[in-house]
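The values are calculated or read from the model by the stated rules, or taken from the named source; none is laboratory data. None of the values given here were measured: they were computed from a predicted structure. Virtual Cβ from ideal backbone geometry, glycine too; neighbours counted across all protein chains shown. Just the protein is used for accessible areas: all its heavy atoms, side chains included, with ligands, DNA and RNA removed. Shrake-Rupley method; radii C 1.70, N 1.55, O 1.52, S 1.80 Å.
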Amino acid sequence: MPLSAVHPAVSTWFEAAFDAPTDVQLQAWPAIREQRHTLIAAPTGSGKTLAAFLAAIDALVREGLERGLSSETHVLYVSPLKALSNDIQKNLQQPLNGIRDRLLEQGLPDVNISALVRTGDTPSAERERMRREPPHLLVTTPESLYILLTSESGRNMLSSVRTVIVDEIHAMAGNKRGSHLTLSLERLAALCGRPPVRIGLSATQHPIEDMARFLT
């Protein structure tokens, strides 16, 4: 998927922020846009995270412009590293704010895409706010995902998820934590009207087929 395939507000932000898409991004975007489960395996610094998020953000931008965004969670990002979850939420603000600026420059309506973190450290007041106003992008850990799936309010929030991004997937494959996450992903698939597309982010692993089977 070349940049010409995404909304102009998304492509102009990207072109101002980066010299060009990486090979990983160019290979991943078409598969994600076609709603196919996708495993992105590449070294650190290759643009894996943005490869996973940009197609989802583009879809939210288009939906927001066409009919407005409902207060529902559409993208779920799961990381085994709590610190990484906080970093991701901060890093997401750069493209989200930048794309909003480009929409304004192009004379288009504002699309305010929200992203929040839900971990064991999230204050109760923030959790209550999420229940009232679910974020469009939810960043969490495997353990917090399990807890959300055990509560009625959590299931209500997750029932609208369309895309699940699982980061550091190689760190969980083959251990109890990974088995626990696999169960949660199956519960999520059963909860949603349409099973979410799964995107896995992994350091280079061999055999890569094992990582793909674990993801799906």
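Residue-by-condition table, conditions (1) under 15 Å from the mean Cα position of the chain (by Cα); (2) over 25 Å from Lys90 (Cα atoms); (3) of a type in the set (Gly, Ala, Ser):
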residue	(1), (2), (3)
Arg132	no, no, no
Val139	yes, no, no
Ile165	yes, no, no
Glu168	yes, no, no
Arg194	no, yes, no
Gly200	yes, no, yes
Phe214	no, yes, no
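If only residues of the stretch 49-85 that are in contact with a strand residue (DSSP E or B) (Cβ under 6 Å, 6 or more places away or on another chain) and free of Cβ contacts under 8 Å to residues at least 60 places away in the same chain are counted, the one that is nearest to Arg118 (Cα to Cα) is Ser85.
Residues satisfying the criterion are present in the stretch 51-60 (criterion: among the small types (Gly, Ala, Ser), open to solvent by 10 Å² or more (accessible area, probe 1.4 Å) and farther than 19 Å from Ser202 by Cα).
Taken over the stretch 103-125, the criterion of being open to solvent by 50 Å² or more (accessible area, probe 1.4 Å) and either out of contact with any Leu (no Cβ under 8 Å at 6 or more places or on another chain) or over 28 Å from Glu66 (Cβ atoms) (or both) is satisfied by Leu104, Glu105, Gln106, Gly107, Gly120, Asp121, Pro123, Ser124, Ala125. Of everything in the stretch 149-174 that is hydrophobic (A, V, I, L, M, F, W, C) and open to solvent by 10 Å² or more (accessible area, probe 1.4 Å), the residue that is farthest from Leu50 (Cα to Cα) is Met157. Note on the stretch 28-48: residues that are closer than 30 Å to Arg177 by Cβ, surrounded by fewer than 22 Cβ atoms within 10 Å (Cβ to Cβ) and in contact (Cβ under 8 Å) with a residue 24 or more places away in the chain amount to 9. Leu81 fulfils the conditions (1) closer than 28 Å to Ala212 by Cβ; (2) open to solvent by less than 80 Å² (accessible area, probe 1.4 Å) except for a single criterion, (2). Among the residues examined, His206 qualifies as part of a loop (DSSP other than H, G, I, E, B) and open to solvent by 10 Å² or more (accessible area, probe 1.4 Å).
Quick grid of which residues meet (1) touching a helix residue (DSSP H, G or I) at 6+ places or on another chain (Cβ under 7 Å); (2) under 25 Å from Asn156 (Cβ atoms):
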| position | (1), (2) |
| --- | --- |
| Trp29 | yes, no |
| Ile40 | yes, no |
| Pro43 | no, no |
| Ala51 | yes, no |
| Ile57 | yes, yes |
| Ser79 | yes, yes |
| Ile99 | yes, no |
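One residue stands out among those in the stretch 175-194 that are free of Cβ contacts under 8 Å to residues at least 12 places away in the same chain and not hydrophobic (A, V, I, L, M, F, W, C): the one that is least open to solvent (accessible area, probe 1.4 Å), which is Asn175.
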